[in-house]
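Contents: one structure, followed by commentary.
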Amino acid sequence: MLRKIFQRTPILSGEDVTVKRQEIRAFFHATLDLTEQLFATLAGDEAYFKKSIPLRHPLIFYLGHTSTFFINKLLVAGLIKERIDPKMESMFSVGVDEMSWDDLNFPDYDWPSIKEVQSYRNTMRGIVDRLISEAQLILPINWENPWWIVLMGIEHELIHLETSSVLIRQHAIKHVKSHPTWEPCRKSGYAPQNQLIGVSAGMVYLGKNTIDLTYGWDNEFGSCEANVSAFQASQYLVSNQEFMAFVRANGYANENYWEEEGCAWKNHTHAEHPTFWIKRTNEWWLRLMTEEVLMPWDWPVEVNYHEAKAFCNWKATESGLPVRLPTENEWYRLYSVAGLSEIPRAQIAAANIHLDHFASSCPVTEFRHGEFFDVIGNVWQWTETPIYPFKGFKVHPLYDDFTTPTFDNRHNLIKGGSWISCGEESLRTARYAFRRHFFQHAGFRYVVADRPIIEENSHYETDKLLSEYAEFHYGDTYFGVSNFLETLVKLAMTTMKDKPVHKALDLGCASGRATFELAKHFDRVTGIDFSTRFIGQGVQLAQQGFLRYLLVDEGDLVSYKERTLATMDLDAIKHKVEFYQGDACNLKPIHAGYDLIFAANLIDRLYDPIKLLSTIHSRLNLGGHLLIASPYTWLAEHTKREEWIGGFKRDGENFTTLDGLKASLGNHFKLIHGPEEVPFVIRETRRKFQHSLSDVTIWERIA
């Protein structure tokens, strides 16, 4: 059956504003119409209010959620001024979609009626239609353009079109009915014998940039490039027939094939076969969205990640080959060697995608892509890769929690799209991830590769103190105060002049900014800190070149930050730094022979500062320099009162820390610079900062 082409996601540039306005308006209405046609498959009111699965809300929520999303986002963006129904806009604002498979605690909701939600939806449609028709439109549309929010609402609706179709498929069959828009494929035949095909090594380039001509979600922006080693991949997606071999081999009962998390899910759910399979006497049937059909053995099996992974583990055992799921990078390599490009905008796709062909899967032999089949389309394909942020990742300020909750190593990427993946979902750059126990219209293909999987870093530092230090060392400039550690290094280097610059020690290095700055001038720089947590930030930068952390804005609201050595012009010198955990008051003998020792904001945090000061000369070459910077904030919680070297009365007179430094260092050092006050600012929240002055002295070892 030849289907009408559903409009593709709009190109964001153009010469004619009127034409672009009409295109977006048509995309908006067509998307809403499609959602309403999907919900027309529900048979009776009970189908809206009874949960398909315990882990998600009933379907009435999703009909309301996509509608209120438009209003909530347009209000925040300032494109509209008034709400439609504050109660609904609160109730439907956030869905509990990412629960654990064993978390069944849901509150009861006093849901509005179907008629009330449909009325809300109609009102929303009218408001957005007027906005699209009348609001100023400036091309191209980018993140900063208010029209980005209009597209966000439409693409968000298309995401839920797909996820709602899965929930409808999981509903009891009595709650659904057929609909002419959702006619499934009627083709089926013998399943092919799968075989491995070699994929040559090559580079892959991932990520959208800010001038990309199509809409994208935050996790798709940034950059990633990787050299993918050669591997082999299955020619076809794993069919129902091929997966049946795993079922017959007692694969669901044999826990040796299951990862720990997958085994716990399997035992909790008592799964014995794929969830959409139905066993009736001697026949197998398959549950589609609105009907049950005799098993089409040549269609792709649809499973969650745990089942796909268990199959690969079984296949590896049976074949003796290193069988696993592909990584995200390997999927992109497949895409490249298959010679694929974006699906055409005005022609039917050569893949079962974007509703161009069927409202279901189809045989795995239907759409050839180079030597492979179904590199895109038919079903999403599970990968081994937990979603992670690309370099340069930023959250959109009006949807800051679209992706960030999934950076937890529990959400794996699915690639390629399914038969119902429309709009942005069908693009090569699309990146969607789900909890490993969840079901989409998703299956898999397997690969054989000797190279171990490289785990990408999805971690954001959330510890408040560590995040504040990361920002202090590598973050923004506040109130015109230059980076403190960079300023101190410049001061130190002005005194070095023709002195040797072989080795430097950054003592109390914390997150390591000065360690890197010193490496611009010295052959080797050692950073030492008592806290391994702080050192970890420097180590990550040296090894991976980037650091990610959260900053508190206010209350529970946060900002996501990423800093790279490259943007600070520090990448080229990272090989010259090393970090160690150590006690400044009890350094190991190997830490000696330095031309400069740099101690910033350290002296008033030591438990025995005089012990350091009385021996520090032995770590420094004759003629070497010692920089000490401190706000002299003596606190008994860090240094016992009797160990302070200043900041008290002696013989009735003020005895300052500078007096104590002169007394402690006088036998081996002369003061050659300072004291000089250097300001620094530490950000606590968006509106609260510590502004301090550090007293800087530089000393030369003379004996």
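The values are calculated or read from the model by the stated rules, or taken from the named source; none is laboratory data. Note that the structure is predicted; figures quoted are calculated from it, not measured. Methodologically, a virtual Cβ is constructed for each residue, glycine included, from the backbone with ideal geometry; neighbour enumeration extends over all protein chains shown.
Selection of region 529-541 for residues being surrounded by fewer than 23 Cβ atoms within 10 Å (Cβ to Cβ) and either modelled with pLDDT of 95 or more or of a type in the set (S, T, N, Q) (or both) yields Ser531, Thr532, Gln540. All conditions but one from (1) touching a residue at least 60 places away in the same chain (Cβ under 8 Å); (2) crowded, with 18+ Cβ neighbours inside 10 Å; (3) in contact with an Asp or Glu (Cβ under 8 Å, 6 or more places away or on another chain) apply to Leu491; the one that does not is (2).
Check region 254-264 and report whether any residue there is in contact (Cβ under 8 Å) with a residue 60 or more places away in the chain, touching a Lys or Arg at 6+ places or on another chain (Cβ under 9 Å), crowded, with 18+ Cβ neighbours inside 10 Å and within 30 Å of Ser178 (Cβ to Cβ). Among the residues of region 254-264, not one is in contact (Cβ under 8 Å) with a residue 60 or more places away in the chain, touching a Lys or Arg at 6+ places or on another chain (Cβ under 9 Å), crowded, with 18+ Cβ neighbours inside 10 Å and within 30 Å of Ser178 (Cβ to Cβ), which makes the answer no.
Determine whether region 241-252 contains at least one residue that is in contact with a strand residue (DSSP E or B) (Cβ under 9 Å, 6 or more places away or on another chain) and in contact (Cβ under 8 Å) with a residue 60 or more places away in the chain. Within region 241-252, one or more residues are in contact with a strand residue (DSSP E or B) (Cβ under 9 Å, 6 or more places away or on another chain) and in contact (Cβ under 8 Å) with a residue 60 or more places away in the chain. Gln37 meets all of the listed conditions (1) out of contact with any Leu (no Cβ under 8 Å at 6 or more places or on another chain); (2) at pLDDT below 95 but one, namely (2). Annotation: Ser421 fulfils all but one of (1) assigned to a loop (DSSP other than H, G, I, E, B); (2) closer than 28 Å to Gln540 by Cα; (3) modelled with pLDDT of 95 or more; (4) more than 19 Å from the chain's Cα centre (by Cα); the unmet one is (2).
Taken as a whole, the structure places Leu612 among residues that are more than 43 Å from the chain's Cα centre (by Cα), aliphatic (A, V, I, L, M) and surrounded by 13 or more Cβ atoms within 10 Å (Cβ to Cβ).
Taking only region 188-197 into account, find how many residues are surrounded by fewer than 15 Cβ atoms within 10 Å (Cβ to Cβ) and either without any contact (Cβ under 8 Å) to a residue 24 or more places away in the chain or more than 36 Å from the chain's Cα centre (by Cα) (or both). Qualifying residue count for the region: 3. State whether the residues of region 195-212 include one that is assigned to a helix (DSSP H, G or I), in contact with a Pro (Cβ under 9 Å, 6 or more places away or on another chain) and within 30 Å of Arg345 (Cα to Cα). Within region 195-212 (the criterion being assigned to a helix (DSSP H, G or I), in contact with a Pro (Cβ under 9 Å, 6 or more places away or on another chain) and within 30 Å of Arg345 (Cα to Cα)), the answer is no, since none of the residues qualifies. Please indicate, with yes or no, whether at least one residue in region 615-631 is of a type in the set (Gly, Ala, Ser), more than 20 Å from Leu491 (Cα to Cα), assigned by TED's automatic domain parsing to the domain that holds Glu554 and touching a Leu at 6+ places or on another chain (Cβ under 7 Å). Among the residues of region 615-631, not one is of a type in the set (Gly, Ala, Ser), more than 20 Å from Leu491 (Cα to Cα), assigned by TED's automatic domain parsing to the domain that holds Glu554 and touching a Leu at 6+ places or on another chain (Cβ under 7 Å), which makes the answer no. If the condition is being at pLDDT 95 or above and either polar (S, T, N, Q) or crowded, with 16+ Cβ neighbours inside 10 Å (or both), then region 198-217 contributes Val199, Ser200, Val204, Leu206, Gly207, Lys208, Thr214, Tyr215, Gly216, Trp217.
The criterion of at least 2 residues that are within 20 Å of Arg533 (Cα to Cα) and either aromatic (Phe, Trp, Tyr) or in contact (Cβ under 8 Å) with a residue 24 or more places away in the chain (or both) is met, among strands (runs of 3 or more DSSP E) falling completely within region 555-652, by 557-564, 577-581, 594-600. The number of residues in region 607-619 that are in contact with an Asp or Glu (Cβ under 8 Å, 6 or more places away or on another chain) and either at positive phi or among the hydrophobic types (A, V, I, L, M, F, W, C) (or both) comes to 1. Taking the criterion of being in a strand (DSSP E or B), out of contact with any Gly (no Cβ under 8 Å at 6 or more places or on another chain) and among the small types (Gly, Ala, Ser), the residues of region 213-250 that qualify are Ala226, Ala233, Ser234, Ser239. Residues that are within 26 Å of Ala230 (Cα to Cα), surrounded by fewer than 16 Cβ atoms within 10 Å (Cβ to Cβ) and polar (S, T, N, Q) do occur in region 399-410, at least one of them.
Matching residues to (1) within 32 Å of the chain's Cα centre (by Cα); (2) closer than 12 Å to Leu151 by Cα:
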| position | (1), (2) |
| --- | --- |
| Gly14 | yes, no |
| Thr18 | no, no |
| Ile24 | yes, yes |
| Phe27 | yes, yes |
| Ala30 | yes, no |
| Thr35 | yes, no |
| Thr41 | no, no |
| Asp45 | no, no |
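Per this entry, Leu570 is not counted among residues that are under 15 Å from His459 (Cα atoms) and of a type in the set (A, V, I, L, M, F, W, C).
Note on region 238-253: among residues that are farther than 18 Å from Trp382 by Cβ and among the polar types (S, T, N, Q), the one that is surrounded by the fewest Cβ atoms within 10 Å (Cβ to Cβ) is Asn250. Each residue in region 18-57 was checked for being in a helix (DSSP H, G or I) and among the small types (Gly, Ala, Ser), and 3 pass. Within region 509-535, residues that are of a type in the set (Asp, Glu) have Cβ atoms under 7 Å from residues that are part of a helix (DSSP H, G or I) in these pairs: Glu517/Leu485; Glu517/Glu486; Glu517/Val489; Asp523/Lys576; Asp529/Ile535, counting only partners at least 6 apart in sequence or on another chain. Annotation for region 354-370: no member residue is in a helix (DSSP H, G or I) and out of contact with any Gly (no Cβ under 6 Å at 6 or more places or on another chain). Contact annotation: residue pairs with Cβ atoms under 7 Å, 6 or more positions apart or on different chains, pairing a residue in region 121-135 that is on the phi < 0 side of the Ramachandran plot and surrounded by 14 or more Cβ atoms within 10 Å (Cβ to Cβ) with a partner that is part of a helix (DSSP H, G or I) and of a type in the set (Lys, Arg), are Asp129/Arg25; Ile132/Arg21; Ile132/Arg25. The residue list Phe49, Phe70, Phe27 contains one member that is at pLDDT 95 or above, closer than 19 Å to Ser165 by Cα and either aromatic (Phe, Trp, Tyr) or touching a strand residue (DSSP E or B) at 6+ places or on another chain (Cβ under 6 Å) (or both), which is Phe49. Annotation note: of Ala514, Ala504, the sole residue that is modelled with pLDDT of 95 or more, among the hydrophobic types (A, V, I, L, M, F, W, C), buried (at least 23 other Cβ atoms within 10 Å of the Cβ) and not in a helix (DSSP H, G or I) is Ala504. For region 394-418, the set of residues classified as assigned to a loop (DSSP other than H, G, I, E, B) and within 17 Å of Glu455 (Cβ to Cβ) consists of Phe407, Asp408, Asn409, Arg410, listed by residue number. Just the residues that are at pLDDT below 95 and among the basic types (Lys, Arg), please, taken from region 645-685. Residues satisfying the conditions are Lys649, Arg650.
What about Ile60, is it surrounded by 15 or more Cβ atoms within 10 Å (Cβ to Cβ), part of a helix (DSSP H, G or I) and touching a helix residue (DSSP H, G or I) at 6+ places or on another chain (Cβ under 6 Å)? Considered against the rule, which asks whether it is surrounded by 15 or more Cβ atoms within 10 Å (Cβ to Cβ), part of a helix (DSSP H, G or I) and touching a helix residue (DSSP H, G or I) at 6+ places or on another chain (Cβ under 6 Å), Ile60 comes out as yes.
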